[in-house]
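Structure record follows, encoded as structure tokens.
The values are calculated or read from the model by the stated rules, or taken from the named source; none is laboratory data. Owing to the predicted nature of the structure, the values given are computational and were not obtained by experimental measurement. Neighbour counts are summed over all protein chains in view; Cβ atoms, including those assigned to glycine, are modelled from backbone coordinates with ideal geometry.
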DNA sequence: ACCAAAAGCTGATAAATATCATATTTTTAA
DNA sequence: TTAAAAATATGATATTTATCAGCTTTTGGT
């Protein structure tokens, strides 16, 4: 079992605010898990009762809408924490998390880490800062969803993916989403997403090879996303 | 100048977690303001540098989208706090707040209340709980915006208004929004909102008298909003 | 009370998007 | 390896929504 004190991943999230002693305690109660592509980390309606610290891999966090379509609301990657909200309220999750590729995660039980929320103000403040930032971001997403066309949202999403993820050895964005996943991020029908991707490719803004996406013209995509 | 210790409004927000001493200090540095209908509390790009505690009235919090249309992301009413995020990060506001009717608010400067965030864990945790709850709510709004039709969103919005606000003496929802405001909540053109409101009225789900909205058939509206 | 401005309303039309159908390609599993 | 299943792609069409135009009603200021 690896040790949190020596784990570099915590530097990327709120766990960096924990003291050495706290990390040692967390280390001894956490469990490491390997989650294969397509497997579920947690489901809607489930009590998560802890946080996941993502050591490797990517997962999509989504919510089923009333009309039966999944909407992806977050993509979580290496270094991110997942499930902080379960520490704060006792409600079941309203979201579902599924691995997009093979993942390595550590699960820290709620009862162990909640103490730190109560006792370590630095940790609390860091969680708070992250939440404030997520909230600001969520407001922006709401505005985009409400006001932008599907084409604008696709352009914005491609830029977001391009920023958030590394490039693979071919130079493509290093997350391989299905066309359906992409449609479920921007909130449209899979066919519409496919059509617009083809259009962007034809115009030379992107290139597509299977699930690989290459961003060719950032500026033009930005123009499209802002309605220029 | 009224005293926070004796103000009932704080019971409805995180200020209830402050101690008597803290409240006395806040009392002495806060400023009371009257804001008339249509006046601006703060603008996009402004440093708020404090929180507003709403003693009376309603305001709309919105963000201008790239294509030049305002999207209302929150409605704030008596008892609510506004601007908590300014306490946590030092960024300028990404939102604008305008009074929907005459308001009574107290403004508490950031430097005075930030101490309490640092020293009073109960206060911090209450802010944190609210943020977690707002975040959950924001996820739900994103899903609705992305997946629901305009008609579904209008039905959902009417139910939300009906829940959130009291009834006036006639039995109408006690917030008088323009058709444009309603359109800017659901993220559609004003004409579309008007057309659908007329349709709902024709079907007997609601009644309209000027800016008064009467909810007549809650169940039917719920069915519409969930795509039943 | 009156006038100008704003808000509300309705119809016609255009544009965006979803849905359905079907073909092709890729992936998966036996 | 091969057959079945899933994913991708594209066309045709239907539905939803935005836009534009013109009109009526309401509101606010003097």
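Summary of values
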{"item": "Selection within the range B:164-181 - more than 8 Å from DNA strand C (Cβ to nearest atom) and under 25 Å from residue B:137 (Cα atoms)", "result": "B:164, B:165, B:166, B:167, B:173, B:174, B:175, B:176"}
{"item": "Hey, residue B:14 within 25 Å of residue B:174 (Cα to Cα), within 18 Å of the chain's Cα centre (by Cα) and within 14 Å of another protein chain (Cβ to nearest Cβ) or not", "result": "yes"}
{"item": "Residue within the range B:187-194 that is in contact with a strand residue (DSSP E or B) (Cβ under 9 Å, 6 or more places away or on another chain) and within 24 Å of residue A:144 (Cβ to Cβ) present", "result": "yes"}
{"item": "Any hit, the range B:171-191, residues being over 21 Å from residue B:219 (Cα atoms), touching a residue at least 60 places away in the same chain (Cβ under 8 Å), in contact with a helix residue (DSSP H, G or I) (Cβ under 8 Å, 6 or more places away or on another chain) and near DNA strand D (Cβ under 10 Å from one of its atoms)", "result": "yes"}
{"item": "Verdict on residue B:222 being within 14 Å of chain A (Cβ to nearest Cβ), over 25 Å from residue B:59 (Cβ atoms), surrounded by fewer than 18 Cβ atoms within 10 Å (Cβ to Cβ) and in contact with a helix residue (DSSP H, G or I) (Cβ under 8 Å, 6 or more places away or on another chain)", "result": "yes"}
{"item": "Matching option when the condition is within 8 Å of chain A (Cβ to nearest Cβ), in contact (Cβ under 8 Å) with a residue 12 or more places away in the chain, under 18 Å from the mean Cα position of the chain (by Cα) and closer than 28 Å to residue B:175 by Cβ, among B:105, B:73, B:100", "result": "B:73"}
{"item": "Positions within the range B:89-119 being under 25 Å from residue A:121 (Cβ atoms) and buried (at least 22 other Cβ atoms within 10 Å of the Cβ), in sequence order", "result": "B:108, B:113, B:116"}
{"item": "Some residue of the range A:131-151 being within 16 Å of DNA strand D (Cβ to nearest atom) and more than 9 Å from chain B (Cβ to nearest Cβ)", "result": "yes"}
{"item": "Members of the range B:182-192 that are more than 20 Å from the chain's Cα centre (by Cα) and more than 8 Å from DNA strand C (Cβ to nearest atom)", "result": "B:189, B:192"}
{"item": "Residue within the range B:162-170 that is within 9 Å of chain A (Cβ to nearest Cβ), within 30 Å of residue A:130 (Cβ to Cβ) and modelled with pLDDT of 95 or more present", "result": "no"}
{"item": "Candidates A:151, A:136, A:129 - the one that is within 16 Å of DNA strand C (Cβ to nearest atom), at pLDDT 95 or above, more than 14 Å from the chain's Cα centre (by Cα) and surrounded by fewer than 20 Cβ atoms within 10 Å (Cβ to Cβ)", "result": "A:151"}
